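All remarks here apply to the structure that follows.
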Amino acid sequence: MIKRHPGVVDLSEVEPNTRRGGDLRAMLTPATVGSTSGFMGVAIVQPGDRIAEHYHPYSEEFIYVVCGQLEVDLDGEPHELRPEQGLLIPSHMRHRFRNVGNVEARMVFHLGPLAPSPPLGHVDTEDAEGVPIPAEAVHAGGAAERSGLRS
């Protein structure tokens, strides 16, 4: 059993993950603070940058936009996201984010519940450049194995 403990994690202590675009930092996770119900982090997206399409088969994702102008595609439908707005993304819903403004955008994300193992929690459906990942690779677990948001 992982021991749970309160903990403070500074953004500067977390390695940037840029594999799918943007700068994703999983901060409060089972590995960093012993969380058992989910994990939280920050996404930093520069003007014109994007976070590639993906989905979470086990978790809902909660988003809070801190600053910047984002657009999110939810199952292919674009939606504007502004500062001080929250968004719930249901499990299995494909989503991607784009910074459509001219300043850095930041959003806080929380996923819960946790997947049975970190590689199963995130399925990429396109690469960082927007090139679709073949369905057979996604279904074979190839995209999930490349998950960049490991807790």
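Which value in Å is the Kirkwood Rh of the stretch 17-124 over different Cα pairs?
13.8 Å is the Kirkwood radius here.
Can you tell me how much longer the chain between residue 120 and residue 67 gets when fully stretched, taken as 0.36 nm per residue apart minus their C-alpha distance, in nm with one decimal?
16.1 nm
Subtracting the Cα-Cα distance from 0.36 nm times the residue separation, let me have the gained length for residue 128 to residue 74 in nm, one decimal.
17.7 nm
Just the number please: accessible area per residue for the chain, 1.4 Å probe, all protein chains included, in Å².
That works out to 52 Å² per residue.
Between residue 108 and residue 58, how many nm apart are label points set 7 Å from Cα along the C-beta direction?
2.4
Mind ranking 37-49, 122-134 by how tightly packed they are, going by the mean number of other C-beta atoms within 10 angstrom, highest first?
37-49, 122-134
When only C-alpha pairs under 8 Å and at least 6 residues apart count, what is the relative contact order of the chain, in percent?
That works out to 26 percent.
Which value, in debye to the nearest 20, gives the size of the charge dipole of the stretch 17-124 about its Cα centre, when Lys and Arg are +1 and Asp and Glu are -1 at the Cβ?
For this selection, approximately 280 debye.
Go ahead and estimate [θ] at 222 nm for the chain from helices alone: -39,500 (n - 2.57) per DSSP H run with n ≥ 4, summed, over the residue count, rounded to 500.
-1500 deg cm²/dmol
The values are calculated or read from the model by the stated rules, or taken from the named source; none is laboratory data. Quick caveat: nothing in here was measured; it's all calculated off a predicted structure. When we count neighbours, we look across all protein chains shown, and the Cβ atoms used for this are built from the backbone with ideal geometry, even at glycine. Heads up: the accessible areas ignore ligands, DNA and RNA and are worked out on the full protein's heavy atoms, side chains in. Shrake-Rupley method; radii C 1.70, N 1.55, O 1.52, S 1.80 Å.
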